[in-house]
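Structure record follows, encoded as structure tokens.
The values are calculated or read from the model by the stated rules, or taken from the named source; none is laboratory data. Keep in mind that what you see is a predicted model, and the values were worked out from it rather than measured. Ideal geometry is used to build each Cβ from the backbone, glycine not excepted, and the neighbour counts take in all protein chains shown. Side chains are part of the model used for accessible areas, which takes the heavy atoms of the whole protein and leaves out ligands, DNA and RNA. Shrake-Rupley method; radii C 1.70, N 1.55, O 1.52, S 1.80 Å.
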Amino acid sequence: GIRADLGHYVRSRWEANICRVYKLFGKNYNYESTRFYVIVNGIERSYCPDLFFAERNVYYEIKGHARSSKEWVCTCDNCVKNRETMLEVVKKYGIKIVLIGHEEYKRFRRKFSKKVNWENRRHNNDNR
């Protein structure tokens, strides 16, 4: 939902909290600003990374199902499809995507939960 302190919509509390940290440091980002289209296994799919940092020309994807940025091994149908699509987007468009998984999120929480309006599990808009 829309978070007043961010001034925009996010899909989960994880996304909201990560955005708050970047705002704390004055980092400009665009939320879900670009949709990419690819063909995977003969089927057209679209993919829209969570955050884009224009000054660094890098996208960020926040995934609660990923153990870490290096280990996204969830085998649920949605994760398998998302991984395939994201890899094809990187290959086709040559973009850089940084994955924020559970381990990275925990580090953000430890460092910044007292410095920003951190949402915990009991938030009304909790998606993740």
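Observations on the model:
- Among residues of the stretch 36-65, those that are under 27 Å from residue 26 (Cβ atoms) and touching a residue at least 12 places away in the same chain (Cβ under 8 Å), counted: 16
- Among the candidates 33, 46, residue that is at pLDDT 95 or above, touching a Phe, Trp or Tyr at 6+ places or on another chain (Cβ under 7 Å) and under 21 Å from residue 6 (Cα atoms): 33
- Residue 123 falls short on exactly one of the conditions (1) open to solvent by less than 90 Å² (accessible area, probe 1.4 Å); (2) at pLDDT 95 or above; (3) under 20 Å from residue 1 (Cβ atoms), and that condition is (2).
- Residue check, residue 29 under 20 Å from residue 95 (Cα atoms), touching a strand residue (DSSP E or B) at 6+ places or on another chain (Cβ under 6 Å) and touching a residue at least 12 places away in the same chain (Cβ under 8 Å): yes
- Per the listing 2, 95, 100, the residue uniquely hydrophobic (A, V, I, L, M, F, W, C) and closer than 22 Å to residue 111 by Cα is 100.
- When residues of the stretch 75-88 are limited to those that are over 18 Å from residue 14 (Cα atoms) and among the hydrophobic types (A, V, I, L, M, F, W, C), the one farthest from the chain's Cα centre (by Cα): 76
- Members of the stretch 51-81 found to be polar (S, T, N, Q) and at pLDDT 95 or above, listed by number: 57
- Residue within the stretch 6-17 that is farther than 24 Å from residue 115 by Cα and among the hydroxyl-bearing types (Ser, Thr, Tyr) present: no
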